[in-house]
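For reference, the structure is listed below as structure tokens.
The values are calculated or read from the model by the stated rules, or taken from the named source; none is laboratory data. If you're wondering where the values come from, they're calculated on a predicted model, not measured in any experiment. Heads up, the Cβs are rebuilt from the backbone with ideal geometry, glycines too, and the neighbour counts pull from every protein chain shown. Heavy atoms of the whole protein, side chains included, go into the accessibility calculation; ligands, DNA and RNA do not. Shrake-Rupley method; radii C 1.70, N 1.55, O 1.52, S 1.80 Å.
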Amino acid sequence: MKKYNPQKIEKKWQKVFETKKLFNVKSNAKKKKEYILVEFPYPSGDGLHVGHCRSYTGLDIISRKKRMQGKNVLFPIGWDAFGLPTENYAIKHGIHPTVATKKNTDTFRRQLKSLGFSFDWSREVNTTDPEYYKWTQWIFLQLFKNGLAYKDKIAINWCPSCKIGLANEEVVSGKCERCGATVEKKEKEQWMIKITKYADRLIKDLDNVNYLEKIKIQQRDWIGRSDGAELEFKISCGLPPAPPKGRGDGLWGDVPGYLTTDAKTWRLLQEEAVKMRKNPTKAEKKLWEKLRTNRDYHFRRQQIIDKFIVDFVCLSKKLVIEVDGDIHDSKKERDQERTKILENFGFKILRFRNEEILNNTDYVIKKIVSTLETLPFGKGEGWAVEDSVKVFTTRADTLFGCTFLVVAPEHDLIKKMKDKIINWQEVKQYIEESRNKSDLQRQDQKEKTGIEVKGIKAINPANKREIPIFVADYVMANYGTGAIMAVPAHDERDFEFAKKYNLEIIRVIANKEKVRSIVWRDISKEEFAKIGIDVIEEVEINHNGKKVVMSKVEFLENKIEEFEKLIREKMPIGVWNEYVGPSGIIFNFKDKDEKISRHILSSENWEEIDKLCYEFFHEKLVDNNWKPKNVWKWLAEAENSFYKDIIIHSEYGILENSENFSGMISQEARDKIIEFVGGKKSVNYKLRDWVFSRQHYWGEPIPLVFCEKCGWQAVLEKDLPVELPKVKNYQPTDNGESPLSAITKWVNVACPECGGAARRETDTMPNWAGSNWYFLAYTFAKNGKYNWNNKDIEYWMAPALRSPKGGGGVDWYNGGMEHTTLHLLYSRFIFKFLWDIGAVPKSIGSEPYMKRTSHGMVLGEGGIKMSKSKGNVINPDTVVKDFGADTLRIYEMFMGPFDQAIPWDTKGVIGSRRFLERIYNLVIKLSSYQVIKSEKNDELESLIQRTIKKVSEDIEEMRFNTAVSALMILVNAFSEEMQKNPASPRLRRASIRDLLLLLSPFAPHLAEELWQEMKFKGLACQQSWPKFDEKLVVEEKVLLIVQINGKVRDKIEAKSGLSQKEAEELVSNSEKIKTWLEGKAVRKVIYVPNKVINIVI
RNA sequence: GCCCGGGUGGUGGAAUGGUAUACACGAUGGACUUAAAAUCCAUUGAUCGAAAGGUCAUGCGGGUUCGACUCCCGCCUCGGGCACCA
């Protein structure tokens, strides 16, 4: 008997496919087209990877099936042949890259052909073919002419040892991929493409295509649109600083901006001023409330001017407001003297009495405002608002919680304010340090760093509070405005920074309905349980050797009242309790007289509460050295951050501590606050413009010429392509220029505009340039000729039934996830651009790919990536030689889900080979029968129908593994029948026919061979795809599962389609079930026809 | 840290609310053979039992349901992508 010999069979049929040009297609308006695309390979010297084989086999199966379903299928292939490995090879061996490329593509072509893929080889494209890159250059010129290409100086990755600019992907953890030297930053002029102009469309149009959801998600994330607002923060200068050391005594009045006294006095006064600020009188408190929220003028309180502390001052207008208590004559005299001195400095003084302020506030304010209006703004002395900074934020709703401003080291504010910054040396040093850090170092540093810019302050536009300004490299110069408003309570990064530099934290968004508290252990678990609160943990706190047990509780908002009642009742004297919840952070203090005071922590009273906590704490545990400086921060860090996620969180919620906006929800407050402070809504993207220059030889030359007189000029379209000149040396030059710059003959040209002396651009294009449009090239490529042809484009890219919103494009594009954010995004952008300028027909829509799927990697044995260094590379040639191409195809489809990474298993390959052998032996045997008896075999018939259904559906859903498994089951059933009735198996010729047709996309060579052996007419791959009979798909007999309380107790064979009554009757006859039901009452019966009957007892 | 996938026998995996472990590999035993390979047959989640049969198993812990690998909540873990993007 004949033996399965794949080597012979496969060569034979590949010849047939090739000579008959079976898979070459033409535009044909009468036939429905189907354009199926796989990513064209980079023809590396290593040859085809088994991973290529897997993804190409999958799409080959789909193409073959569609062809059998009557579609005019375009399934093309080509070479993405520009690339570094080839250039490196050229450098090393002095062989021209064209030669190496030819050698590699020949290998790839041979390998692909040996696998029997149904590519249309007449449309093969090669990106390095000048005829091809003429169009790549043409596209660049259109970008240039439409203002989408521009030159910009940006930092590139520079390898000091290879003296070459590296692409990001050539940098492996901060080192040069080739020589291992540490990569540096170098500023260089680069061609950039304005992809950001298309950012919105690239997001929006994802709704119109049928990509895998994860691909859409990755693209959206990569583009990273954030909707926010730009807010303006005024910058004020001249905050009276402590005089620097060494300036000694003496008046500072002559130094602009520092109208203060000698250092010693200043420090004493400053201490006093802080005390006064903390203990304002009633009148001062009331007036301050009004003044600090004044939107037009900025006031300070307890400000030091010369030797005096004035109560309130508006520095930009030089207006001092003094609040007096009872007036004695002696005081009056001193006040007069003081007024005189201040007036000498140019201040105007307004005085009010306590009762005036308390009883007639409106009058006082009116008076102040009208006085302010008559005064001119101060100039040159640095007391006024000097400048402003814009920040970008998506969380304007948290503006009241903004307690400092951070700018990137590169921000111009620093340069502009240089004269006003009093710690300039430190700031300068920090900026220089961070400039020298590489991206890697910046990423690696765990702790945020930064430095306060002293001498200038920002004014929070919402509450007019003065806040400090920092420079820190956690803020990036090239995103948003390069400056941020820091809200430590609602941003992790800002919190981290605030913690490190001890900055104020104010919670302005309440958190959900959760309430948490750490309770002094005088209340038992049982007492909490009574009011429905569980103690989640008991913690022992060590205070100077004393162990104190506390209970952590968490409950919902509706329990607050009961909780607070319990706490107030049970708390011992001299203790406080705080709880954190949506209604705020609430403190209850019980003092010596058992008087309970209750405080809601706010931006107004935190210092007071801080002090109270400290005092209470000390009364209890005298020796403890706990000195809180900020009660918010203390809470956020208390007991392993128990409160942290309620205080410090980034979710939306209900506003608090936000003046008139308190109580609003974030979404609403966001818009209102933007309006309130006069901000402007704005949008930012993570996506950056595309760096299009490479300093390499082996790429498409950028077709531009620089003329001293005319500037950058496009090469005339008739002069395209600008071919790569032949060079002897591919080594890059010392100065970071591309190797092309050394070829003066090529570089020097006449200016296309004025005809004068000019120089060519010597940078080349990146790898993605050629792959931007290759799917268009396929539609009109013919034997190495590329005649851009809108008719062909229109036919192959026309909208098909599959498109969800009527757009056209490639019908099905499969590729790796690693190309989702680069190639896929770039080519979508370029296609949109071509569509916009009318370079492709409008009728096909502005999306190039209608459907995009992805394949998983083939890993080496043991589950690690295949690599030469690990020695676990599987060469498809070896597999084809040892097992055959059909076996390789079947195995790679069967190994697991198509989109999942699966390790190669050489032992597993044998199973696929055995499967094919089994089919071969079976069919050969059957072919020798004179007549195949067609006695009826209902079970097998039904199985065939079900298999047709399953295989058809599985191919469409790329579930190739289960499709192969279904074929195996069918073949096993055939074998079983052969064994049962070897002389006259109940198999019809039509059954064999169906089997071979189903097999043919998977194992095309074997299917054709057996098709011939069975003497069927024509070729299997040209037959119609089998159809199934819906009626026959249903099995006649089913196995009914009988469950009792959901557990399987019996399986009964039954006719399909039984009614519940019939089923129950059938079940009641079962002996097994009878014993289970003995003496039990049946409560309920659930019946799922043809599947399960569940008796509940 | 964030986003996206996974976690099921010795192994690759199947089953998207209804028989968990299809299909295949491997392993063990057997047939054929001088022998080996190939092929064919049988067994193959664990456990108790002589058997009939029972019990337990889909990363862990809860929940919904007559019934959960599948749905919901909380965690652990592996892989991939992004990474201070305000």
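For A:GLU355, the conditions (1) modelled with pLDDT under 85; (2) open to solvent by 50 Å² or more (accessible area, probe 1.4 Å) are fulfilled apart from (1).
If you filter segment A:411-428 down to residues that are out of contact with any Lys or Arg (no Cβ under 8 Å at 6 or more places or on another chain) and outside any helix (DSSP H, G or I), you find that the one that is most open to solvent (accessible area, probe 1.4 Å) is A:HIS411. Among the residues making up segment A:868-898, those that are more than 30 Å from A:TRP13 (Cα to Cα) and open to solvent by 30 Å² or more (accessible area, probe 1.4 Å) are A:LYS868, A:SER869, A:LYS870, A:GLY871. Among the residues of segment A:574-602, which ones are hydrophobic (A, V, I, L, M, F, W, C), open to solvent by less than 50 Å² (accessible area, probe 1.4 Å) and assigned to a strand (DSSP E or B)? Of everything in segment A:574-602, those that are hydrophobic (A, V, I, L, M, F, W, C), open to solvent by less than 50 Å² (accessible area, probe 1.4 Å) and assigned to a strand (DSSP E or B) turn out to be A:VAL575, A:TRP576, A:VAL580, A:ILE585, A:ILE586, A:PHE587, A:PHE589. Taking A:GLU737, is it of a type in the set (Asp, Glu) and surrounded by 14 or more Cβ atoms within 10 Å (Cβ to Cβ)? For A:GLU737, the condition - of a type in the set (Asp, Glu) and surrounded by 14 or more Cβ atoms within 10 Å (Cβ to Cβ) - is met.
Of the residues making up segment A:491-501, those that are of a type outside the set (Phe, Trp, Tyr), more than 7 Å from RNA strand B (Cβ to nearest atom) and buried (at least 17 other Cβ atoms within 10 Å of the Cβ) are A:ASP494, A:ALA498, A:LYS499. A count restricted to segment A:623-652 and to residues that are modelled with pLDDT under 75 and under 16 Å from A:MET550 (Cβ atoms) stands at 3. Pairs only if they're at least six apart or on different chains, beta carbon under 6 angstrom, first in segment A:488-502 and free of Cβ contacts under 8 Å to residues at least 40 places away in the same chain, second aromatic (Phe, Trp, Tyr) and outside any loop (DSSP other than H, G, I, E, B); list them, first residue then second. From residues that are free of Cβ contacts under 8 Å to residues at least 40 places away in the same chain, there are no pairs. Just one of the listed residues (A:PHE833, A:PHE775, A:PHE829) is closer than 22 Å to A:ILE62 by Cβ and either within 28 Å of the chain's Cα centre (by Cα) or in a helix (DSSP H, G or I) (or both), and it is A:PHE775. A Cβ distance below 8 Å, combined with a sequence gap of six or more or placement on separate chains, defines the contacts here; from segment A:1001-1014, residues that are without any contact (Cβ under 8 Å) to a residue 24 or more places away in the chain reach residues that are open to solvent by 10 Å² or more (accessible area, probe 1.4 Å) in the pairs A:ALA1007/A:CYS1021; A:TRP1011/A:LEU1019. In segment A:842-867, the residue that is surrounded by the fewest Cβ atoms within 10 Å (Cβ to Cβ) out of those that are of a type in the set (A, V, I, L, M, F, W, C) and more than 14 Å from RNA strand B (Cβ to nearest atom) is A:ILE844.
One residue alone among A:PRO468, A:PRO461 is at pLDDT 90 or above, away from RNA strand B (no atom under 12 Å from the Cβ) and not in a loop (DSSP other than H, G, I, E, B), and that residue is A:PRO468.
When each of A:LYS559, A:LYS514 is tested for being charged (D, E, K, R), closer than 23 Å to A:ILE647 by Cα, surrounded by 14 or more Cβ atoms within 10 Å (Cβ to Cβ) and more than 16 Å from RNA strand B (Cβ to nearest atom), the lone residue that passes is A:LYS559. Take the conditions more than 44 Å from the chain's Cα centre (by Cα) and either within 30 Å of A:VAL1092 (Cβ to Cβ) or part of a strand (DSSP E or B) (or both) and apply them to A:ASN972. Does it pass? For A:ASN972, the condition - more than 44 Å from the chain's Cα centre (by Cα) and either within 30 Å of A:VAL1092 (Cβ to Cβ) or part of a strand (DSSP E or B) (or both) - is met.
For the criterion of being on the phi > 0 side of the Ramachandran plot, open to solvent by less than 20 Å² (accessible area, probe 1.4 Å) and touching a strand residue (DSSP E or B) at 6+ places or on another chain (Cβ under 7 Å), A:GLY809 passes. Taking segment A:969-1015 as the range and being open to solvent by 30 Å² or more (accessible area, probe 1.4 Å) and within 27 Å of A:PHE898 (Cα to Cα) as the test, the residues that pass are A:ILE969, A:ASN972, A:ASP994. Scanning segment A:899-924 for residues that are part of a helix (DSSP H, G or I), open to solvent by 40 Å² or more (accessible area, probe 1.4 Å), near RNA strand B (Cβ under 8 Å from one of its atoms) and free of Cβ contacts under 8 Å to residues at least 60 places away in the same chain yields A:LYS907, A:ILE910, A:ARG914, A:ARG918. Restricting attention to segment A:745-753, does a residue exist that is open to solvent by 40 Å² or more (accessible area, probe 1.4 Å), among the small types (Gly, Ala, Ser), at negative phi and in a strand (DSSP E or B)? Yes, because at least one residue in segment A:745-753 is open to solvent by 40 Å² or more (accessible area, probe 1.4 Å), among the small types (Gly, Ala, Ser), at negative phi and in a strand (DSSP E or B). Residue-level analysis places A:GLU1036 among those that are exposed (fewer than 13 other Cβ atoms within 10 Å of the Cβ) and either touching a residue at least 24 places away in the same chain (Cβ under 8 Å) or within 30 Å of A:ASN921 (Cα to Cα) (or both). Any residue at all in segment A:83-97 that's polar (S, T, N, Q) and at pLDDT 95 or above? No. When segment A:754-770 is filtered for residues that are crowded, with 17+ Cβ neighbours inside 10 Å and aliphatic (A, V, I, L, M), the ones remaining, listed by number, are A:ALA758, A:MET765, A:ALA769. Picking from residues in segment A:197-209 that are touching a residue at least 12 places away in the same chain (Cβ under 8 Å) and surrounded by fewer than 17 Cβ atoms within 10 Å (Cβ to Cβ), the one that is nearest to RNA strand B (Cβ to nearest atom) is A:ASP200. For segment A:1022-1033, the criterion of being surrounded by 15 or more Cβ atoms within 10 Å (Cβ to Cβ) and more than 26 Å from A:ASP60 (Cα to Cα) is met by at least one residue. Restricting A:ILE948, A:ILE955 to those that are within 26 Å of A:ILE62 (Cβ to Cβ), at pLDDT 95 or above and away from RNA strand B (no atom under 14 Å from the Cβ) reduces the list to A:ILE948.
When A:ILE431 is tested against (1) more than 10 Å from RNA strand B (Cβ to nearest atom); (2) in a loop (DSSP other than H, G, I, E, B); (3) out of contact with any Asp or Glu (no Cβ under 6 Å at 6 or more places or on another chain); (4) at pLDDT 90 or above, just one condition goes unmet, and that condition is (2). When restricted to residues that are part of a loop (DSSP other than H, G, I, E, B) and open to solvent by 30 Å² or more (accessible area, probe 1.4 Å), segment A:471-490 contains 7.
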